[in-house]
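J.: Before I ask anything, let me first share the structure, which is written out below as structure tokens.
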2 protein chains.
Amino acid sequence: MDVAWIAVDWGTSNVRAWGIAPNGDAAFGVSSDQGMSRLARADYPAVLGELLTSEIDIDGDLLDVVICGMAGARQGWCEAPYLETPARLDDLLQYAVTPDMPPSRLRPRILPGVCQRGGNDDVMRGEETQLLGLIALDPKFEGIVCMPGTHAKWVELRDRQIKRFATAITGELFEVLSVHSVLRHSLGGEIKEDERQAGTLEGLQRGIEAPEKLTSTLFRTRAGALLSGHSPSWCAGYLSGLLIGADIGGQRDWIGNAEIPLIGGATLSRTYQAGLEMIGARSRVVDATEATLTGLRASYVA
Amino acid sequence: MDVAWIAVDWGTSNVRAWGIAPNGDAAFGVSSDQGMSRLARADYPAVLGELLTSEIDIDGDLLDVVICGMAGARQGWCEAPYLETPARLDDLLQYAVTPDMPPSRLRPRILPGVCQRGGNDDVMRGEETQLLGLIALDPKFEGIVCMPGTHAKWVELRDRQIKRFATAITGELFEVLSVHSVLRHSLGGEIKEDERQAGTLEGLQRGIEAPEKLTSTLFRTRAGALLSGHSPSWCAGYLSGLLIGADIGGQRDWIGNAEIPLIGGATLSRTYQAGLEMIGARSRVVDATEATLTGLRASYVA
């Protein structure tokens, strides 16, 4: 299949690239673990070339490469200054930066992230492209979007703009607490899915009920193991559910009645979905990769 | 000075011992870093002997050794089963356990911790002794006590009993987030005290205002450094203040109007004090070591 241009999602831990055919279909998809966290600025051109070498000829016509994500961070390939909220999603390509690249058929551009100033400082890189993908898939959508992940985002979209957003470090809290805190003593071992699920539901309820008590309900992970004999699988579920519940509970002031798209991994999105159900909010899961690819495509043809 | 018995606070990271004279004064005080986390069960007798060897003769009359803290944990010297809430502080010695000890003049006993069951599982070891110390210092005291630390405790004391309590992992959250999370990029370097102080006040306000949004206000540490140029000292203060503010804000439902004793380290207690002031609550700082030693003494003579 002919390749008209290249779409790239360059994250912290991984990089993924797709060859896009003239009709918009993905002609190929490749990925590697050469995310931003492993790379120095000078590494990017070679990493990009190697990633594509099995799929495209070194010689040939110039190929646009549209990149979203952490490659545009200050510590990435080339800093792509943030658009400020309210940020128009149709402006992404217009504000893309052109990083240094040795002579090659590849012509990379890196899309900007979005920031929010004025007391509620916040930043995103990559999610803005998924949000453009969301409104490309569902042009009438307006409302609140939830993007579960290491750094979960809650976003208000209106008029094809990001009006405001908040980043919750829910996933990262789970990681650092499971590995480095006293709670780790109550986790570990092989996961028994039914026990994990029971812990998740209990955690979701606790978190949603009293998000303001998170610093103390977290310790229940440990005390529950000591006193009530909860299994490591239950505790792992509880910890995850509690954090996600607190995340949902803390954002209730702007979660309305409209259906909330969840853009994220399938497992995590299902837990958010269960939590949103507990507060009577409807949601639907949007595949994160589809949102990214659709967003990159929409940015390029915009 | 004659020594009538030995008082020991055996924590996770450290152990401290005092020789108590017949008149109740501390004849000597010694300490080491041989806390529970470094010791196997069999190590305790030798560590205790070495700790005291410079201060007391190996031969002599039998000496009672009263120990509080993590030596009584399951992974400590000898498990001292928890008293359950409501727990009478005057019962501590009665429920002490006698650990294995080779022939010696030392006769150790380990005081129990306190647990809470019934949906709000929680545990303490060591703090119960400080609380006994508090009411020995101030026999009329009843009300809410705050014990800042790695695992902060909020406790309701009435009728010389622990009625209920909650553990907040505030200090540990600060530790793991400063060292292991993305927020670490915004911290580090030499602390400038005035900047740290400004960050602490901002964090306290944010945390108290919206404890339910902790998962997202935490990320402001990072976004504030990226967007508003906040210094590492400011960010360290913000993170600490935010966590303490969220801790205070989350417990407002049982912080009344009465003065709250703060039992903890001086610096941390002052931050809690500043936060409590912001919600109009009075507090006073009680020296943690004095509370521990007074509590051990009160348990022994009870």
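J.: What do you get when you divide the Cα radius of gyration of region B:1-115 by 2.2 N^0.38 Å, with N the number of residues?
T.: Against the compact-globule rule of thumb, the ratio is 1.03.
J.: Let me ask something else about it. At q = 0.19 Å⁻¹, what log₁₀ I(q)/I(0) does region A:193-302 have when each alpha carbon counts as one equal point scatterer in the Debye sum?
T.: Result of the Debye calculation: -0.92.
J.: Tally the DSSP beta bridges in chain B and give the antiparallel ones as a percent, rounded to 5.
T.: Rounded to the nearest five, the antiparallel share is 60 percent.
J.: Could you give P(r) for chain A, binned at 20 Å from zero, as whole percent values over all Cα-Cα pairs?
T.: 33, 52, 15, 0
J.: Would you mind telling me the antiparallel percentage of the DSSP bridges in region A:126-302, rounded to 5?
T.: Around 65 percent antiparallel, to the nearest 5.
J.: Copy-to-copy spacing for residue B:95, label 7 Å out on the Cα-to-C-beta vector, in nm, shortest first?
T.: Nearest to farthest, the other copies are at 6.1 nm.
J.: While we're here: Antiparallel as a % of all DSSP beta bridges within the protein assembly as shown, to the nearest 5?
T.: Approximately 60 percent, going by the DSSP bridge assignments.
J.: In the Gaussian network model of chain A, springs joining C-alpha atoms below 10 Å, which of A:96, A:281, A:46 carries the largest mean-square fluctuation?
T.: A:46
J.: Would you mind calculating the relative contact order of chain B from Cα pairs under 8 angstrom and at least 6 residues apart, reporting the percent as a whole number?
T.: It rounds to 16 percent for chain B.
J.: Using the Cα atoms as the points, what is the convex hull volume per residue of the protein assembly as shown in Å³?
T.: Dividing the Cα hull volume of the protein assembly as shown by its residues yields 168 Å³.
J.: Now, a different point. Taking 0.36 nm per residue of separation and subtracting the Cα-Cα distance, what length does fully extending residue A:257 through residue A:90 add?
T.: Additional length available on full extension: 57.4 nm.
J.: Looking at chain A as a GNM with Cα springs under 10 Å, which of A:132, A:268, A:173 has the largest mean-square fluctuation?
T.: A:173
J.: Given springs between every Cα pair under 10 Å in a Gaussian network model of chain B, which of B:13, B:54, B:231 has the largest fluctuation?
T.: Ranking B:13, B:54, B:231 by mean-square fluctuation puts B:54 first.
J.: Related question: Distance from the Cα centre of region A:141-214 to that of region B:159-188, in angstrom?
T.: Cα centres, region A:141-214 to region B:159-188: 18 Å.
J.: With θ set to phi - 60°, apply the Karplus curve 6.51 cos²θ - 1.76 cosθ + 1.60 along region B:282-289 and write out the HN-Hα couplings as whole Hz, x wherever there is a Gly or Pro.
T.: 7, 8, 9, 8, 10, 4, 5, 5
J.: For a label point 7 Å from the Cα of residue A:140 along Cα→C-beta, name the residues of region A:149-186 whose backbone N is under 20 Å from it.
T.: A:157-161
J.: Now for a separate question. For the cross-link pairs A:140/A:163; A:213/B:163; B:153/B:192; A:192/B:153; B:153/B:213; A:153/A:213, which exceed 23 Å when the distance is taken from alpha carbon to alpha carbon?
T.: Check vs 23 Å cut-off fails for B:153/B:192; A:192/B:153.
J.: Rounded if a/c is under 1.5, else prolate if a/b is larger than b/c, else oblate: which is region B:224-269, with a ≥ b ≥ c the root eigenvalues of its Cα gyration tensor?
T.: oblate
J.: Here's something else I'd like to know. With a cut-off of 8 Å between alpha carbons and a minimum separation of six or more residues, what is the relative contact order of region B:238-302 in percent?
T.: 32
J.: I want to check the label-to-label distance for residue A:180 and residue A:98. Put each point 7 Å from Cα in the C-beta direction and report it in nm to one decimal.
T.: It is 4.1 nm.
J.: Got the residue B:160 label distances to the other copies yet, label 7 Å along Cα→Cβ, in nm, shortest first?
T.: 7.6
J.: Next up: If R₀ is 30 angstrom, what is the calculated FRET efficiency for the pair residue B:53 and residue B:79, using the beta carbon separation as r and rounding to 0.05?
T.: 0.65
J.: Seen from all sides and averaged, what is the projected area of the convex hull of the Cα atoms in region B:79-233, in nm²?
T.: 13.6
J.: For label points placed 7 Å from Cα toward Cβ, what is the shortest-first list of nm distances from residue B:278 to its copies?
T.: Copy-to-copy label distances for residue B:278: 2.7 nm.
J.: Label residue B:284 and residue B:120 with points 7 Å out from Cα along Cα→Cβ: what is the distance between them in nm?
T.: 2.6
J.: Just in region A:154-192: which GluC sites (Glu not before Pro) are loop by DSSP and have at most 10 other Cβ atoms within 10 Å?
T.: Answer in residue order: A:190.
Since every read-out is calculated from the coordinates, none of them should be taken as a lab result. Keep in mind the model is a prediction, meaning the values are calculated, not measured. Positions of Cβ are backbone-derived with ideal geometry, glycine not excepted, and every protein chain shown enters the neighbour counts.
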